[in-house]
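A.B. asks: The structure is given below, and queries will be raised subsequently.
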Amino acid sequence: MARFTTSQCQPCPVRAQCTTSRASARSVGFPPKELLELQLRNRAERQEPAWHKRYAVRSGIEGTIFEFTHGHGMRRCRYRGQSKTHLQHVLTAIAVNIERLSRQPPGTNAPPRPPTAFQDYLDQQDIPRQRSWRAAG
C-alpha cells in the first residue's frame, strides 16, 4: 500500500487519472503477485466465447433469483427453522410457477427446453431421466 499526502498529490500532473477528490490524498494498493496474475488470467478468460456461453447460463437464472428476492420477499423468511423456511421457499416457487403459467395464452404449450448441464451429464453416464423432465432430446 502506498499513501500519498495531500501536499504530494496536489502538484501531480496525472492526479485527475487517480482521483476526482479535490482535497484528500490518495492511497494505492498493490496486490500480491499471485493475486495480480489470477486477476489478469480471469480478465483474459472473460474475452473467450466459451466463457460467454457459461455465463449465459448464470445470467438466465439471475433473473429468477431477482424475482424471488425482490418480487416475492424471499430476502427475509417469515418462519424460523430450516424445515419451515424450506417449506416457504417451495410454496413460493409453486406460486411463481402458477403465476407464470397463468400469463400464457390458453391452449399454448411451452416449447421444450434445451437440456441442462445436469441432464447432459445423466445422458453421458447413460442414467435414465425421469419422464417429467421437460427437455428437448
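A.B. asks: When the chain is fully extended, how far beyond the present Cα-Cα distance does Thr19 get from Val96, taking 0.36 nm per residue of separation?
C.D. replies: Values: separation 77, 0.36 × 77 = 27.72 nm, distance 4.58 nm.
Extra length from Thr19 to Val96 when fully extended: 23.1 nm.
A.B. asks: Right, another one. Counting only residues 5 or more places away or on other chains, whose amide H sits under 5 Å from the amide H of Arg26 once H atoms are built in the peptide plane?
C.D. replies: Phe4
A.B. asks: Within the accessible area of region 35-137, what % is carbon and sulfur when the probe is 1.4 Å and the other protein chains stay in place?
C.D. replies: Working: 5120 of 9040 Å².
Carbon plus sulfur share of accessible area: 57 percent.
A.B. asks: With a point put 7 Å past each Cα toward its Cβ, work out how far Lys53 is from Tyr121 in nm, to one decimal.
C.D. replies: For Lys53 paired with Tyr121, the spin-label model returns 1.8 nm.
A.B. asks: Can you compute 3J(HN,Hα) from phi for each residue in region 16-22, using the Karplus curve 6.51 cos²θ - 1.76 cosθ + 1.60 with θ = phi - 60°, rounded to whole Hz and x for Gly and Pro?
C.D. replies: So the J values, rounded to whole Hz, are 5, 7, 8, 8, 9, 6, 8.
A.B. asks: How many Å² of accessible area per residue for region 49-125, probe 1.4 Å? Mind dumping the intermediate values first?
C.D. replies: Values: 6590 Å² over 77 residues.
Result: 86 Å² per residue.
A.B. asks: Ratio of Rg to Rh for region 52-121, alpha carbon only, Kirkwood?
C.D. replies: Values: Rg = 15.1 Å, Rh = 14.6 Å.
Rg divided by Rh gives 1.04.
A.B. asks: While we're looking at this one, here's another question. Against the 2.2 N^0.38 Å scaling, with N counting residues, where does the chain land? I'd like the Cα-based Rg ratio to two decimal places. Before the final figure, lay out the partial values.
C.D. replies: Details: Rg = 25.2 Å, N = 137, 2.2 N^0.38 = 14.3 Å.
Its radius of gyration relative to the 2.2 N^0.38 Å reference: 1.77.
A.B. asks: Considering the dipole of region 1-65 built from charges on the beta carbon (Lys and Arg +1, Asp and Glu -1) around the Cα centre, which of Tyr55, Leu36, Thr20 is farthest to its positive end?
C.D. replies: Selected residue: Thr20.
A.B. asks: When only the heavy atoms of the protein chains count and the probe is 1.4 Å, how do Ser27, Ser102 rank by accessible area, highest first?
C.D. replies: Ser102, Ser27
A.B. asks: Helix-only mean residue ellipticity at 222 nm, the chain, DSSP H runs n ≥ 4 weighted -39,500 (n - 2.57), per residue, nearest 500. What is it?
C.D. replies: Numbers: 6 runs with 68 residues, N = 137.
My calculation for the chain gives -15000 deg cm²/dmol from helical runs alone.
A.B. asks: Moving to a separate point now. Hey, what do the phi angles of region 96-108 turn into as Karplus ³J(HN,Hα) couplings, whole Hz, using 6.51/-1.76/1.60 and θ = phi - 60°, x for Gly and Pro?
C.D. replies: Karplus values, whole Hz, x for Gly and Pro: 5, 5, 5, 4, 5, 5, 5, 7, 7, x, x, x, 9.
The values are calculated or read from the model by the stated rules, or taken from the named source; none is laboratory data. Fair warning: this is a prediction, and the values are worked out from it, not measured in the lab. Cβ sites come from the backbone with ideal geometry, for glycine too, and all protein chains shown count toward neighbours. Quick note on the areas: whole protein, heavy atoms, side chains included, nothing else; ligands and nucleic acids left out. Shrake-Rupley method; radii C 1.70, N 1.55, O 1.52, S 1.80 Å.
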